[in-house]
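Notes follow once the structure below has been shown.
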Amino acid sequence: MHYDVIVIGAGLAGLTAACQLIDAKKKVLLVDQEPANSIGGQAFWSFGGLFLVDSPEQRRLGIKDNKELAWQDWRGSASFDRLEDEDHWAYEWAKAYIDFAAGEKYNWLKSQGINFFPVVGWAERGGSLAGGHGNSVPRFHIVWGTGPALVEPFANKVLNASDKGDITYLPRHQVTELITEDGNITGIRGNVLENSIIRRGEESSRVVVDSFEYFADAVVVASGGIGANIELVKKNWPSRLGTPPQNMVAGVPAYVDGKMLEITEQAGGRIVNRDRMWHYTEGLKNWDPIWNNHGIRILPGPSSMWFDALGNRFTAPNFPGFDTLSTLEAIQNTGYDFSWFILTEKIIEKEFALSGSEQNMDLTKKSIKDVLKRILPGPPKAVQDFKENGEDFVIGDSLKDLVEGMNKLVGSDLLDFLHIKEQILARDREIENLFSKDAQITALHGARNYIGDKLIRAAKPHKILDPAAGPLIAVRLNILTRKTLGGLQTNLNGQVLNEDGNPIPGLFAAGEVSGFGGGGIHGYRSLEGTFLGGCLFTGLQVGKYLAVSHKYSSMT
């Protein structure tokens with residue numbers, strides 16, 4: 001049972017690599033520990049946001065973007081500070097990715113049948129200086145059909161090739177060891193797991209019914225990160241972000257366990273930037289969970305007031321949608337692992353979206369009719385469902401009732417009504433003019449200068465305590481685990497490096513397990529839309545390289 005290439009993981013990175021190898025008529029084995037209905041991995045659950053530079057969609061909206069501006073934003077966000085070692089290859093991957101995002105990426109995606117929602121989102125706006133963190137312009141392109149539509153062309157190609165015998169796809173095959181011979185990676189060993197009939201995303205059985213051993217000239221690890229392994233997240237938690245949160249919700253299914261990172265390290269692969277990770281600060285406990293401890297992220301517009309657990313308003317750049325990691329650090333410095341939005345009905349109906357394909361069925365099902373309903377009064381259906389059923393929402397006709405409800409929800413009188421009222425009144429006084437010393441209000445006016453935000457993402461400025469804008473809403477925000485920014489160090493061919501910085505013959509990595517390229521292409525911070533894109537790019541690069549190579553064990 002010898003193959004040209006074995007790919008471990010049927011997520012987006014593994015599928016992309018496999019598709020390149022199918023085209024090259026290589027003999028390929030694709031294994032995954034989950035059932036076949038989980039093909040596509042985390043990407044299936046995503047909102048489908050992709051980072052693109054100077055796209056037709058941007059130009060139609062009057063957005064002026066270019067490669068130099070994107071690279072400025074990337075470097076300002078990444079803040080690479082380990083260039084002599086752990087960041088060396090990550091920096092090279094980052095440069096290559098910006099070239100890709102500003103170059104062939106758009107047409108390549110179009111050639112796969114992937115289209116985009118016409119309004120480009122503005123994620124991670126930064127809130128600092130021009131050379132600091134954040135996107136200077138909107139770059140978040142939502143795939144028309146969200147995550148499932150992004151996965152579909154690659155999954156279909158693999159499944160059709162499997163039906164024709166052009167690739168061997170084996171679900172429920174859990175790798176436990178990389179086989180090494182004379183310093184070369186020559187194959188995989190592992191367990192065949194029992195058939196598990198579950199919904200996509202549910203935790204599958206780990207009952208072993210058999211074992212396997214397969215050999216190949218090259219092995220590609222594309223197994224994802226550690227987001228569902230809360231203990232491993234806490235173990236790697238960076239001290240700069242304070243102590244690990246006591247409570248976190250999981251933004252990914254249980255199979256995102258990080259086990260292949262450890263297995264690859266045991267085979268000689270080097271893991272770098274372990275302390276870099278990307279977790280969201282606007283997590284909700286899913287009222288209708290699919291996996292254990294299932295969390296959903298709010299994608300907020302810029303208007304909600306953000307308070308810490310003690311009722312103190314966050315300062316710049318810690319506003320909704322501006323600087324995720326800065327806000328995470330600010331939350332952790334309070335000694336509590338949650339925070340609050342306070343907003344109005346007028347804000348929630350225009351500014352709240354929820355991340356995830358299943359939370360945006362109008363976009364996922366490509367229903368123009370349903371998408372147009374978003375302009376009607378009231379929140380989108382998924383948001384309304386959370387508002388009515390989610391345990392993190394508090395509704396109040398008066399601010400006093402709202403604060404009492406917030407204290408009741410957390411079981412402690414942490415919040416002082418008068419302190420909250422004072423801060424909201426101070427903010428509301430600044431709304432009287434089209435200019436303000438309040439940095440968040442200035443940013444809100446700036447957001448509405450972008451037609452996309454004005455249409456669907458930024459509510460008309462109004463006073464929080466205006467009865468006509470009510471009722472008042474408070475949302476408890478949990479820390480939500482998501483992405484591993486560090487990982488296996490790889491060169492630009494995707495070869496995994498050892499502790500000496502040399503390629504391990506026959507061993508490659510793609511996707512999140514490689515820090516989306518080089519062991520940490522994002523550095524310390526992401527610009528968003530770059531996780532799915534990183535899976536596509538690393539899978540594409542590794543697949544292209546292996547497609548034209550012949551003797552993988554001797555590659556350097």
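The values are calculated or read from the model by the stated rules, or taken from the named source; none is laboratory data. Being a predicted model, the structure only gives us computed values, none of them experimental. Cβ: placed from backbone, ideal geometry, glycine included. Neighbour counts: every protein chain shown. All accessible areas refer to the heavy atoms of the entire protein, side chains included, with ligands and DNA or RNA removed. Shrake-Rupley method; radii C 1.70, N 1.55, O 1.52, S 1.80 Å.
The table below gives the values:
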quantity: Distance in nm between pseudo-label sites at residue 213 and residue 290 (7 Å out along the Cβ direction from Cα); calculated: 3.8
quantity: Anchor residue 365: lysines whose Cα lies under 16 Å away (excluding residues fewer than 8 positions away in-chain); calculated: 373, 381
quantity: For residue 6, distant residues with modelled amide H under 5 Å away; calculated: 29, 218, 219, 220
quantity: Rel. contact order, % - alpha carbon contacts under 8 angstrom, at least six apart, the chain; calculated: 23
quantity: Dipole magnitude of the stretch 448-556, debye to nearest 20 (Cβ charges: Lys/Arg +1, Asp/Glu -1, about Cα centre); calculated: 560
quantity: Whole-angstrom gap from the stretch 291-358 to the stretch 1-58, using each part's C-alpha centre; calculated: 32
quantity: Cα-centre dipole for the chain with unit charges at Cβ (Lys and Arg positive, Asp and Glu negative), debye to 20; calculated: 1500
quantity: Over the stretch 89-171, relative contact order from alpha-carbon pairs under 8 Å, at least 6 apart, %; calculated: 21
quantity: Residue 451/residue 129 FRET efficiency (R0 30 Å; Cβ-Cβ; nearest 0.05); calculated: 0.75
quantity: Karplus-derived 3J(HN,Hα), 6.51/-1.76/1.60, for each residue of the stretch 257-264, Hz, glycine and proline x; calculated: 9, x, 5, 5, 4, 5, 5, 5
quantity: Full-extension gain in nm, residue 388 to residue 466, via 0.36 nm per residue minus C-alpha separation; calculated: 25.8 nm
quantity: Positive dipole terminus of the chain, leading residue within 319, 106, 496 (C-beta point charges); calculated: 106
quantity: Distance cut-off 23 Å, percentage of C-alpha pairs in the stretch 330-429 lying past it; calculated: 40
quantity: Cα-based shape type of the stretch 50-106, given that a ≥ b ≥ c are square roots of the gyration tensor eigenvalues and the cut on a/c is 1.5; calculated: prolate
quantity: Pairwise label distance in nanometres, residue 84 with residue 431, each label 7 Å out on the Cα-Cβ vector; calculated: 5.4
quantity: Magnitude of the charge dipole, the stretch 160-243, Cβ model with Lys/Arg +1 and Asp/Glu -1, debye to 20; calculated: 600
quantity: Residue 376-residue 442 pseudo-label distance in nm [points 7 Å out on the Cα-to-Cβ vector]; calculated: 4.0
quantity: Cα centroid of the stretch 429-447 to Cα centroid of the stretch 228-251, whole Å; calculated: 35
quantity: Helix-derived mean residue ellipticity, 222 nm - over the chain, DSSP H n ≥ 4, -39500 (n - 2.57), to 500; calculated: -9000 deg cm²/dmol
quantity: Karplus 3J(HN,Hα) series, Hz, for the stretch 341-351 with 6.51 cos²θ - 1.76 cosθ + 1.60 (x for Gly, Pro); calculated: 9, 10, 8, 10, 4, 5, 6, 5, 6, 10, 9
quantity: Of all accessible heavy-atom area on the chain, the percent that carbon and sulfur account for (1.4 Å); calculated: 50
quantity: Lys/Arg +1, Asp/Glu -1 at C-beta; the stretch 387-515 dipole; positive extreme among 477, 462, 414; calculated: 462
quantity: Other-chain or far-sequence residues with amide H under 5 Å of residue 167's (modelled H); calculated: 162
quantity: Estimated FRET transfer efficiency when R0 is 41 angstrom, pair residue 410-residue 23 (beta carbons, to 0.05); calculated: 0.15
quantity: Fully extended contour minus Cα-Cα distance, from residue 75 to residue 275, at 0.36 nm per residue; calculated: 70.2 nm
quantity: Under-5 Å amide H pairs with residue 277, H placed in peptide plane, nonlocal only; calculated: 485
quantity: Extended-chain gain in nm, criterion 0.36 nm per residue less alpha-carbon gap, residue 400 and residue 206; calculated: 64.8 nm
quantity: Anchor residue 105: aspartates and glutamates whose Cα lies under 18 Å away (excluding residues fewer than 8 positions away in-chain); calculated: 54, 57, 65, 68, 92, 152, 528
quantity: Heavy-atom surface of the stretch 167-249, accessible at 1.4 Å and reported per residue (Å²); calculated: 46
quantity: In order through the stretch 165-174: 3J(HN,Hα) via Karplus (6.51 cos²θ - 1.76 cosθ + 1.60), integer Hz, x for Gly, Pro; calculated: x, 8, 8, 9, 10, 10, x, 6, 10, 9
